[in-house]
Amino acid sequence: MSPEFQGQPDSDALTWSVLLGNWIEFARSAVALPENDEGHRWRASVADLIALQAVWFALGQLDRLDPVEVPVALDKALVLIDRHATALESRWGSEQVPAQVRGLIGDAREQWHHASSRSF
């Protein structure tokens, strides 16, 4: 019997649960952001930040796909990374994008590069 049926989550489920919990907490905390430009930028960025994290996570799971689907998944992932990164970067305008946001964008791009260099 597999571990998930014995009441022990597999490592993917645990990782996903922790990830989901962190982002739910982040989304909840967004309502408490100050009513100023910075607070509005962060609040407006929640969906983009969560989407980038979801793409990062999905890229780490490409080995679960049929190998013929991987190239399309990589293309879609790159489009999503570019779309959400552009939205985040434009939201801060001429001001510097916060380090946490730059880090998340960089992590997503790095995960894409890593995934695209693998053979499936």
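Each row is one residue, and each column tells you yes or no for (1) among the acidic types (Asp, Glu); (2) over 18 Å from the mean Cα position of the chain (by Cα); (3) at pLDDT 90 or above.
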{"residue": "LEU33", "(1), (2), (3)": "no, yes, no"}
{"residue": "HIS40", "(1), (2), (3)": "no, yes, no"}
{"residue": "LEU49", "(1), (2), (3)": "no, no, yes"}
{"residue": "TRP56", "(1), (2), (3)": "no, no, yes"}
{"residue": "GLN61", "(1), (2), (3)": "no, no, no"}
{"residue": "LEU65", "(1), (2), (3)": "no, yes, no"}
{"residue": "VAL68", "(1), (2), (3)": "no, yes, yes"}
{"residue": "ILE81", "(1), (2), (3)": "no, no, yes"}
{"residue": "HIS84", "(1), (2), (3)": "no, no, yes"}
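Taking the condition of being among the basic types (Lys, Arg) and either assigned to a helix (DSSP H, G or I) or free of Cβ contacts under 8 Å to residues at least 12 places away in the same chain (or both), how many residues in region 98-120 meet it? Residues in region 98-120 being among the basic types (Lys, Arg) and either assigned to a helix (DSSP H, G or I) or free of Cβ contacts under 8 Å to residues at least 12 places away in the same chain (or both): 2 in total.
For region 53-86, what are the residues that are crowded, with 16+ Cβ neighbours inside 10 Å, among the aliphatic types (A, V, I, L, M) and touching a residue at least 40 places away in the same chain (Cβ under 8 Å)? So that I can check it myself, show each step before the final result.
Step one: filter region 53-86 for residues crowded, with 16+ Cβ neighbours inside 10 Å, giving 53-59, 62, 70, 73-74, 77-78, 80-81, 84-85.
From the residues that got through so far, the ones that are among the aliphatic types (A, V, I, L, M) too are 54-55, 58-59, 62, 70, 73-74, 77-78, 80-81, 85.
Scanning region 53-86 gives VAL55, LEU59, LEU62, VAL70, LEU74.
All of (1) surrounded by 14 or more Cβ atoms within 10 Å (Cβ to Cβ); (2) free of Cβ contacts under 8 Å to residues at least 12 places away in the same chain hold for GLU95 with one exception: (1).
The values are calculated or read from the model by the stated rules, or taken from the named source; none is laboratory data. Note that the coordinates shown come from a computational prediction; the quantities given were computed from them, not determined experimentally. Quick reminder, even Gly has a Cβ in these numbers, built from the backbone with ideal geometry, and neighbours come from all protein chains shown.
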